[in-house]
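A short reminder: the numbers here are calculations on the coordinates, not readings from a lab. Only a predicted model underlies this, so the values are computations on that prediction, with no experimental measurement involved. When we count neighbours, we look across all protein chains shown, and the Cβ atoms used for this are built from the backbone with ideal geometry, even at glycine.
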Amino acid sequence: MKNSTSRIAILAMAACALWASPAAEAGTAAWRCGNTYSDRPCPDGKPLALDDARDADQKRDADRTTREALAAGDRLERERLRQEKAQAGRQPTLINSRPAAPKPETDNAKKKKKGKKEPDYFSAHDPVATAKKKAEKAEKAGRRSAEKG
């Protein structure tokens, strides 16, 4: 029984070794197939060279930068979650986009003289000249009534 277990183990390792070789080779190759890229060869595809030409220091710096970016992302996520938790207890703020209703005007401001309608346009006038005209009209009216009587 011990021999059969050893044989099975040896066969399993041999099979893994046979399958691992093409898998490792296929993982390092890439082809350009027209406007797309693939890890499998295609008709009219061109193999691409995927050599990492960086030296050990450049690779180490790139790995350090990647670790720092991941740490910063984790830190920002924790901060966002903390802020969301703090906001969860608050009531939502209602933002009303409708214009405010006009305030009702007082009666004194709305009172107008009877029979006089405000014009739809603005017209400037001289108060002195208006007083003179009123006086002249009163004078003429007085003369007419004197002439009639």
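Going by average Cβ density within 10 Å per residue, which order do the peptides 81-89, 93-101 take, highest to lowest?
Descending mean neighbour count gives 81-89, 93-101.
Can you return the aspartates and glutamates within cross-link range of residue 134? Criterion is Cα-Cα under 17 Å, with same-chain partners fewer than 8 residues away left out.
The reachable aspartates and glutamates, counting only those whose Cα sits under 17 Å from residue 134, are 126.
If each of residue 79 and residue 52 carries a label point 7 Å out from its Cα toward its Cβ, how far apart are those two points in nm?
With each label placed 7 Å out from Cα toward Cβ, I get 3.1 nm.
What base-10 log of the normalised intensity I(q)/I(0) is obtained for the stretch 38-105 from the Debye formula, alpha carbons as equal point scatterers, at q = 0.18, 0.23 Å⁻¹?
Those come out to -0.92, -1.02, one per q.
How about residue 133: which aspartates and glutamates have a C-alpha closer than 14 Å to its C-alpha, ignoring those fewer than 8 places off in the same chain?
Excluding near neighbours in sequence, the set is empty.
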